[in-house]
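Q: Dropping the structure in here first, questions after.
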Amino acid sequence: MLFSMSTAQQNDNSPFSRFGIGDISDNNFNHTRQMSGLGASYIDGYHINIVNPASYSFLNSTAFDAGVFVKRTWLKDNLNTNKIWSGNLEYLSLAFPLRNPINEIYDGVRKNYKLGMSFTLMPHSIVSYNIAAIDSLSSTAPFTRNYVGTGGTYKFLWGNSYKYKNVSGGVNVGYLFGKLKYENKLIFDPGEFAYSDYYSTDYNVSGFLWNAGLIYTDILNKKAIIDNKTIPVKRISIGLNANSATNFSTTYNIDHRLVQQLLGGVFNVDTVFLQDSIKGKGRLPAEIGIGATFYSGEKFCLGFNYSASLWSEYFNEASREEKGSLKNASKISVGGYIRPDYKSFDNFFERVYYRYGAYYQTDPRVINGHQISTYGITFGFGMPFVFQRKVSHINLGLNIGTRGQGTPISEKFVKISLGVTFNDDEWFLKRKYN
């Protein structure tokens, strides 16, 4: 058998996206991805974290975040290695505190509660593969088996958060939509005058999503700060995020044809089965994440994160996968950052966030009885810059990893991500005039 692959579209490319609803996108934005994903507990006054919606009420400034990526992938089977470039837009997000912290300074009153809100548009899953294998039977000439998948799903999220003293809670609600197409082809050489077999299904997906979260944060060295206010504040944040299984609906089409190519470019087409607008339903898995992050002033951060998804409960009437064909998945990650001196005026590199992390995760898909796993390391730089007299950030990151070791197809990848966060602290600011 000869095995080959090519890029189906300029999104992330993976033969594993043939299963389920494709490769699930990471909800961590670039700054937390560079730390391998600390979304359950990470809080930041100037960056958005949609993994745990409780984080919105910790924002001190309006933030607009956009992310893109480019990826180099090496796909390998027992005979060949294929190199692929891919890239795309990853997310657009806007989040803001509903009460401007500057107003508290003007009024001389510090309140015990804060509010935050966000809007996000991003992919939920991506299907992108093109697999071809030359095969033969004892009674036939060689033929090509071709499997192609394109499309994906997207989500629009609206999030709200409320913080009272040291505890914050939040909820994201959203709408899931998209279209996926799968094609299976059995192609004979035209000179054989045999009927090639074309089978395709495509379906639209729609449904509602939600997730909720809690974050508790506290200062660990309160007594020392009272004695010496110049020492760094040592803080810990502990977070939990979760959602139940959510249902979605589909409208799918099935097209099965036999095609024979004759002399002179003439084709015989025999329709085996054709049906449009079939109604179906499905269920996405329940998920949970937990983590803790330690911060030492603005100089140092270290955290861990664990998440799990109950994919064994997934089903989709528009696909031919049965309930239970996927396995429960999990991910564990450790990461943080070092920032030498955020107050430095004469050395830009001392103000940069130097982020790092490592992770290991199991995938819900199973190949030849072997559950796919992924492991990798991450690095990144959070580089501050001034835009319209406001400090904003460029987040440049690198993810190096491998997936599918021990399966017929293994994947090694290097992913470069770029995110830009624009901050503005004048929203909801009460103007005062004498």
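Q: How many residues are open to solvent by 10 Å² or more (accessible area, probe 1.4 Å), of a type outside the set (Asp, Glu) and more than 21 Å from Gly174 (Cα to Cα) if we restrict to the stretch 32-57?
A: 4
Q: Which ones in the stretch 303-359 are among the basic types (Lys, Arg) and more than 23 Å from Asn52 (Cα to Cα)? Please lay out each step first, then the result.
A: So the first thing to find is which residues in the stretch 303-359 are among the basic types (Lys, Arg), and the list is 320, 323, 327, 331, 339, 343, 351, 355.
Within the stretch 303-359, Arg320, Lys323, Lys327, Arg339, Lys343, Arg351 qualify.
Q: Let me ask something else about it. So for the stretch 326-339 (the condition being without any contact (Cβ under 8 Å) to a residue 12 or more places away in the chain, of a type in the set (Gly, Ala, Ser) and open to solvent by 30 Å² or more (accessible area, probe 1.4 Å)), does at least one residue qualify? Give the derivation first.
A: If we filter the stretch 326-339 for residues that are without any contact (Cβ under 8 Å) to a residue 12 or more places away in the chain, which is where we start, we get none.
No, the stretch 326-339 has no match at all.
Q: Here are some conditions: (1) closer than 28 Å to Asp424 by Cβ; (2) touching a Gly at 6+ places or on another chain (Cβ under 8 Å); (3) not polar (S, T, N, Q). Lys343 meets all but one. Which one does it not meet?
A: Condition not satisfied by Lys343: (2).
Q: Among the residues of the stretch 30-41, are any part of a loop (DSSP other than H, G, I, E, B) and over 25 Å from Asn166 (Cα atoms)?
A: Here is the first cut: in the stretch 30-41, the ones part of a loop (DSSP other than H, G, I, E, B) are 34-41.
From what is left, the residues that are over 25 Å from Asn166 (Cα atoms) are 34, 36.
Taking every residue of the stretch 30-41 in turn, at least one turns out to be part of a loop (DSSP other than H, G, I, E, B) and over 25 Å from Asn166 (Cα atoms).
Q: Let me ask something additional. Which residues, taken from the stretch 135-179, are touching a residue at least 60 places away in the same chain (Cβ under 8 Å), open to solvent by less than 40 Å² (accessible area, probe 1.4 Å) and closer than 30 Å to Asn60 by Cβ?
A: Those that are touching a residue at least 60 places away in the same chain (Cβ under 8 Å), open to solvent by less than 40 Å² (accessible area, probe 1.4 Å) and closer than 30 Å to Asn60 by Cβ: Leu157, Gly159, Ser161, Lys163, Ser168, Gly169, Gly170, Asn172.
Q: Here is a follow-up. I'm checking my understanding of the structure. Among residues of the stretch 245-279 that are touching a residue at least 40 places away in the same chain (Cβ under 8 Å), closer than 30 Å to Ser309 by Cβ and of a type outside the set (Ser, Thr, Tyr), which one is least open to solvent (accessible area, probe 1.4 Å)?
A: Phe248
Q: Additional query: I'm checking my understanding of the structure. Among residues of the stretch 283-300 that are part of a strand (DSSP E or B) and free of Cβ contacts under 8 Å to residues at least 60 places away in the same chain, which one is farthest from Tyr356 (Cα to Cα)? Steps first, answer last, please.
A: Taking the stretch 283-300 and keeping what is part of a strand (DSSP E or B), we get 283-284, 287-296, 300.
Checking the rest, the ones that are also free of Cβ contacts under 8 Å to residues at least 60 places away in the same chain come to 283, 288, 300.
On the way: Arg283: 35, Ile288: 23, Phe300: 11 Å.
Among them, the one singled out is Arg283.
Q: When the residues of the stretch 280-295 are filtered to those that are small (Gly, Ala, Ser) and open to solvent by less than 20 Å² (accessible area, probe 1.4 Å), which remaining residue is nearest to the chain's Cα centre (by Cα)? Explain how you work it out, then say what you get.
A: Step one: of the stretch 280-295, the residues small (Gly, Ala, Ser) are 280, 282, 286, 289, 291-292.
Pick out the ones that are also open to solvent by less than 20 Å² (accessible area, probe 1.4 Å) and you get 280, 282, 289, 291.
Numbers: Gly280: 26, Gly282: 21, Gly289: 14, Gly291: 18 Å.
Per the stated criteria, the residue is Gly289.
Q: Please state which of the following conditions Ile231 fails to meet, knowing it meets all the rest: (1) open to solvent by less than 70 Å² (accessible area, probe 1.4 Å); (2) in contact with a strand residue (DSSP E or B) (Cβ under 9 Å, 6 or more places away or on another chain); (3) of a type in the set (Val, Ile, Thr).
A: Among (1) open to solvent by less than 70 Å² (accessible area, probe 1.4 Å); (2) in contact with a strand residue (DSSP E or B) (Cβ under 9 Å, 6 or more places away or on another chain); (3) of a type in the set (Val, Ile, Thr), Ile231 violates only (2).
Q: Report, by residue number, each residue of the stretch 296-306 that is surrounded by fewer than 18 Cβ atoms within 10 Å (Cβ to Cβ) and either farther than 21 Å from Arg351 by Cβ or in contact with a helix residue (DSSP H, G or I) (Cβ under 9 Å, 6 or more places away or on another chain) (or both).
A: Passing the criteria: only Tyr306.
Q: Mind counting the residues in the stretch 68-96 that are open to solvent by less than 10 Å² (accessible area, probe 1.4 Å) and closer than 24 Å to Ala242 by Cα?
A: The qualifying residues number 3.
Q: Further, regarding this structure: Answer yes or no as to whether Phe304 is touching a residue at least 40 places away in the same chain (Cβ under 8 Å), in a strand (DSSP E or B) and over 22 Å from the mean Cα position of the chain (by Cα). Walk me through it before giving the result.
A: Details: touching a residue at least 40 places away in the same chain (Cβ under 8 Å): yes; in a strand (DSSP E or B): yes; over 22 Å from the mean Cα position of the chain (by Cα): no.
Considered against the rule, which asks whether it is touching a residue at least 40 places away in the same chain (Cβ under 8 Å), in a strand (DSSP E or B) and over 22 Å from the mean Cα position of the chain (by Cα), Phe304 comes out as no.
Q: Filter the stretch 368-395 down to residues that are more than 21 Å from Gly303 (Cα to Cα) and open to solvent by 30 Å² or more (accessible area, probe 1.4 Å), then give me how many there are. Don't jump to the end; show me each part of the working.
A: Step one: list which residues in the stretch 368-395 are more than 21 Å from Gly303 (Cα to Cα), which gives 368-373, 384-394.
Remaining after also requiring open to solvent by 30 Å² or more (accessible area, probe 1.4 Å): 368-371, 385-391, 394.
Result for the stretch 368-395: 12.
Q: Next up: Give the number of residues within the stretch 307-324 that are in a loop (DSSP other than H, G, I, E, B), open to solvent by 20 Å² or more (accessible area, probe 1.4 Å) and modelled with pLDDT under 95.
A: 7
Q: How many residues, within the stretch 185-217, are without any contact (Cβ under 8 Å) to a residue 60 or more places away in the chain, out of contact with any Leu (no Cβ under 8 Å at 6 or more places or on another chain) and assigned to a strand (DSSP E or B)?
A: If we filter the stretch 185-217 for residues that are without any contact (Cβ under 8 Å) to a residue 60 or more places away in the chain, which is where we start, we get 185-189, 191-192, 199-200, 202, 204, 206, 208, 210, 216.
If we keep only those that are out of contact with any Leu (no Cβ under 8 Å at 6 or more places or on another chain) as well, we get 185-189, 191-192, 199-200, 204, 210, 216.
Next, only the ones that are assigned to a strand (DSSP E or B) stay: 185-188, 199-200, 204, 210, 216.
Here the count works out to 9.
Q: Pull up the stretch 121-160, narrow it to residues that are touching an Asp or Glu at 6+ places or on another chain (Cβ under 9 Å) and among the polar types (S, T, N, Q), then point me to the one that is modelled with the highest pLDDT.
A: Ser125
Q: Identify all residues within the stretch 378-403 that are part of a loop (DSSP other than H, G, I, E, B) and either of a type in the set (D, E, K, R) or at pLDDT 90 or above (or both); write none if there are none. Quick ask: steps written out before the conclusion?
A: Of the residues in the stretch 378-403, the ones part of a loop (DSSP other than H, G, I, E, B) are 388-389.
Correct list: Arg389 only.
Q: Kindly establish whether Tyr182 is open to solvent by less than 40 Å² (accessible area, probe 1.4 Å), over 29 Å from Ala40 (Cβ atoms), modelled with pLDDT of 90 or more and in a strand (DSSP E or B). Steps first, answer last, please.
A: On the way: open to solvent by less than 40 Å² (accessible area, probe 1.4 Å): yes; over 29 Å from Ala40 (Cβ atoms): yes; modelled with pLDDT of 90 or more: yes; in a strand (DSSP E or B): yes.
When the stated conditions are applied, Tyr182 passes them.
Q: Related question: What is the number of the single condition among (1) free of Cβ contacts under 8 Å to residues at least 12 places away in the same chain; (2) touching a Leu at 6+ places or on another chain (Cβ under 6 Å) that Phe381 does not meet?
A: (1)
The values are calculated or read from the model by the stated rules, or taken from the named source; none is laboratory data. Predicted model only: the values in this text are computed from it and were never measured. In this analysis, Cβ positions are derived from the backbone assuming ideal geometry, glycine residues included, and neighbour counts consider all displayed protein chains. When the accessible area is computed, the model is the full protein with side chains, heavy atoms only, and any ligands, DNA or RNA have been set aside. Shrake-Rupley method; radii C 1.70, N 1.55, O 1.52, S 1.80 Å.
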